[in-house]
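Chemist: Let me begin by handing over the structure; questions about it come next.
The values are calculated or read from the model by the stated rules, or taken from the named source; none is laboratory data. Source: prediction; values computed, not measured. Methodologically, a virtual Cβ is constructed for each residue, glycine included, from the backbone with ideal geometry; neighbour enumeration extends over all protein chains shown.
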Amino acid sequence: MKLKTFITLAVGIVFLQSCTSKKTESNQTTDSLTVNKIKKTVFGTLPDGRVADQYTLKNANGMEIKISNYGGVITHWTAPDKDGKFEDIVLGFDSLSGYLTPPPYFGAIIGRYGNRIAKGKFTLDGKNYQLAKNNGENHLHGGLVGYDKVLWNAEPMEGEESALKLTYLSKDGEEGYPGNLNITVVYTLLRDNSLKMDYSATTDKATVINLTNHSYFNLSGFKKDILDEEVTLNADRYLPVDKGLIPTGELRLVTGTVFDFTKPTLIEKGINEVKDEQIKLGGGYDHAWILNKKGNELSLAATVLEKTSGRKMEVLTTEPAIQFYTGNFLDGKLTGKGDVKYVKRFALCLESEHYPDSPNQSAFPTVVLKPNEKYSTTTIYKLSVEK
Ligand code: BGC
């Protein structure tokens, strides 16, 4: 009898202990969930009455990224400077209305085909396709209503790291492209202050695809333009363009030109070198650099350093190229968050991508996606500080 009582007591104590430790564990989980909890608010109403939301992703370091399901737009991104001061580093607007009179793709997901397709035409499996010519005589960033202007389905994914899953069905024939394309983009804010973007898609008919994100970064926190930022691109070659900014097909070495960013280089060093025909054609930098890499491994493509704030951004990607665009077409007519005027070269874009106009240039890596294949790419923007 005594032994039975003893055993009952011992089992009880062990049980109680295990409950306590579970409670501690679950409290920890709860804490991290609180940090990673995704806040959803209404961002605005579209002209057709649909509501667009805004989701706030936060990590334990205090970094905050706001994303709307309208265009998958990254509307805000606060990052610390070398003194720990958080400031917004991406161009955009405080409410949905700013995004409705087409701004230059601020923060958005770009597709079905990022960058240009010459004359909006291509041939696939013997069939000719004609897309909108929405950039002079060429097609740009998916056409009149690209993925930057559609409402995505959003699914917040809370956990150790907060993520937002966006999905969109781009119907066969939408903007002239063939095939029903099922797209998923997952934005994950990592604990090391990176934003990871995983893009995937499948189609029911052969199509062309080139998805990217079009965030405009100003690492100074909007205090000045980007001219004295230092850029490094892991690329020995770039694609020269014609007057419509279509690649000529040449893969030109950067050596000895103002396109050489193989070592950290100030943007202002070469951006106004109008004696360079390519700078003249682009109105500055607006070209694809071909990344030095073996295959489609995730590798470092670009680094940007803003010395006053100490903010540094690294871009890693599985893509073969990166479009370095220095906001040459910003003209001060747009006023964004905090009443800041977005003047020429107030921000830069680093758009991971396949080469522009690939559907018409057979020597470029293919951008064709066939049924039973899976499109899958990853790009990471990683923020840190250098003191
Ligand atoms: C293009 C620029 C274009 C800009 C639009 C960039 O990706 O390369 O030529 O003007 O997007 O915002």
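Chemist: Taking only pairs six or more apart or across chains, which ones have beta-carbon atoms under 6 Å, a first residue in the range 93-112 that is free of Cβ contacts under 8 Å to residues at least 12 places away in the same chain and farther than 23 Å from residue 170 by Cβ, and a second residue that is away from the ligand (no atom under 11 Å from the Cβ) and of a type in the set (D, E, K, R)?
Modeler: none
Chemist: How about the range 138-168: which of its residues are of a type outside the set (A, V, I, L, M, F, W, C), assigned to a loop (DSSP other than H, G, I, E, B) and away from the ligand (no atom under 14 Å from the Cβ)? I'd like the intermediate steps shown before the answer.
Modeler: Here is the first cut: in the range 138-168, the residues of a type outside the set (A, V, I, L, M, F, W, C) are 138-139, 141-143, 146-149, 153, 155-156, 158-162, 165, 167-168.
Those left that are additionally assigned to a loop (DSSP other than H, G, I, E, B): 141-143, 146, 158-162.
Across the range 138-168, the qualifying residues are 158, 159, 160, 161, 162.
Chemist: Can you find a residue in the range 299-306 that is in a helix (DSSP H, G or I), within 16 Å of the ligand (Cβ to nearest atom), assigned by TED's automatic domain parsing to the domain that holds residue 247 and in contact with a Ser or Thr (Cβ under 8 Å, 6 or more places away or on another chain)? I'd like the intermediate steps shown before the answer.
Modeler: Narrowing the range 299-306 to residues in a helix (DSSP H, G or I): none.
There is no residue in the range 299-306 that is in a helix (DSSP H, G or I), within 16 Å of the ligand (Cβ to nearest atom), assigned by TED's automatic domain parsing to the domain that holds residue 247 and in contact with a Ser or Thr (Cβ under 8 Å, 6 or more places away or on another chain).
Chemist: Oh, and also: Hey, can you tell me all the residues within the range 77-107 that are under 19 Å from the mean Cα position of the chain (by Cα), crowded, with 19+ Cβ neighbours inside 10 Å and assigned to a strand (DSSP E or B)?
Modeler: Listed by number, the residues that qualify are 77, 79, 88, 90.
Chemist: Next question, about the same structure. Filter the range 322-343 down to residues that are in contact (Cβ under 8 Å) with a residue 12 or more places away in the chain and away from the ligand (no atom under 12 Å from the Cβ), then give me how many there are. Even if it seems obvious, please write down each step before you answer.
Modeler: Looking only at the range 322-343, we keep the residues that are in contact (Cβ under 8 Å) with a residue 12 or more places away in the chain, and these are 322-332, 334, 336-338, 340, 342-343.
After this cut, where a residue has to be away from the ligand (no atom under 12 Å from the Cβ) as well, the list is 332, 336-338, 340, 343.
Residues in the range 322-343 being in contact (Cβ under 8 Å) with a residue 12 or more places away in the chain and away from the ligand (no atom under 12 Å from the Cβ): 6 in total.
Chemist: So residue 178 ticks every box in (1) without any contact (Cβ under 8 Å) to a residue 40 or more places away in the chain; (2) in contact with a Ser or Thr (Cβ under 9 Å, 6 or more places away or on another chain); (3) over 29 Å from residue 78 (Cα atoms) but one. Which box is left unticked?
Modeler: Failed condition: (1).
Chemist: Take the residues of the range 156-210 that are of a type in the set (Ser, Thr, Tyr) and more than 21 Å from the chain's Cα centre (by Cα): which is farthest from residue 357 (Cα to Cα)? I'd like the intermediate steps shown before the answer.
Modeler: Step one: list which residues in the range 156-210 are of a type in the set (Ser, Thr, Tyr), which gives 162, 167-168, 170, 177, 184, 187-188, 194, 199-200, 202-203, 207.
Those left that are additionally more than 21 Å from the chain's Cα centre (by Cα): 177, 203, 207.
On the way: 177: 14, 203: 20, 207: 14 Å.
The residue in question is 203.
Chemist: Related question: Looking at the range 274-285, I want the residues that are under 13 Å from residue 344 (Cα atoms) and have a partner that is within 14 Å of the ligand (Cβ to nearest atom) with Cβ atoms under 6 Å, at least 6 apart or on another chain. Which pairs are those?
Modeler: From the range 274-285, the pairs are 283/328; 284/326; 284/328; 285/324; 285/326.
Chemist: For the range 373-380, check the following and say yes or no: at least one residue is away from the ligand (no atom under 12 Å from the Cβ), hydroxyl-bearing (Ser, Thr, Tyr) and surrounded by 24 or more Cβ atoms within 10 Å (Cβ to Cβ).
Modeler: We begin by selecting, within the range 373-380, every residue away from the ligand (no atom under 12 Å from the Cβ); these are 373-380.
If we keep only those that are hydroxyl-bearing (Ser, Thr, Tyr) as well, we get 375-379.
Subset that is surrounded by 24 or more Cβ atoms within 10 Å (Cβ to Cβ): 379.
So far as the range 373-380 goes, yes, one or more of its residues are away from the ligand (no atom under 12 Å from the Cβ), hydroxyl-bearing (Ser, Thr, Tyr) and surrounded by 24 or more Cβ atoms within 10 Å (Cβ to Cβ).
Chemist: Considering the range 212-242 alone, what residues qualify as being in contact with a Phe, Trp or Tyr (Cβ under 9 Å, 6 or more places away or on another chain), of a type in the set (S, T, N, Q) and not in a strand (DSSP E or B)?
Modeler: If the condition is that a residue be in contact with a Phe, Trp or Tyr (Cβ under 9 Å, 6 or more places away or on another chain), of a type in the set (S, T, N, Q) and not in a strand (DSSP E or B), then 215, 218, 234 are the ones that fit.
Chemist: Restricting attention to the range 252-262, does a residue exist that is aliphatic (A, V, I, L, M) and surrounded by 20 or more Cβ atoms within 10 Å (Cβ to Cβ)?
Modeler: Of the residues in the range 252-262, the ones aliphatic (A, V, I, L, M) are 253-254, 258.
Subset that is surrounded by 20 or more Cβ atoms within 10 Å (Cβ to Cβ): none.
The answer is no; no qualifying residue exists.
Chemist: Only one residue in 217, 261 is within 16 Å of the ligand (Cβ to nearest atom) and within 22 Å of the chain's Cα centre (by Cα), so which one is that? If you could, list the steps in order and put the result at the bottom.
Modeler: Details: 261 fails: within 16 Å of the ligand (Cβ to nearest atom).
Sole residue among the options that is within 16 Å of the ligand (Cβ to nearest atom) and within 22 Å of the chain's Cα centre (by Cα): 217.
Chemist: So, one more: For the subset of the range 98-136 comprising residues that are over 25 Å from residue 198 (Cβ atoms) and among the aromatic types (Phe, Trp, Tyr), which member is nearest to the ligand (Cβ to nearest atom)?
Modeler: Only one residue tops the list, namely 122.
Chemist: Right, here's the next one. Specify the residue that is farthest from residue 254 (Cα to Cα); the eligible residues are those in the range 274-291 that are within 10 Å of the ligand (Cβ to nearest atom) and in a strand (DSSP E or B).
Modeler: Among them, the one singled out is 286.
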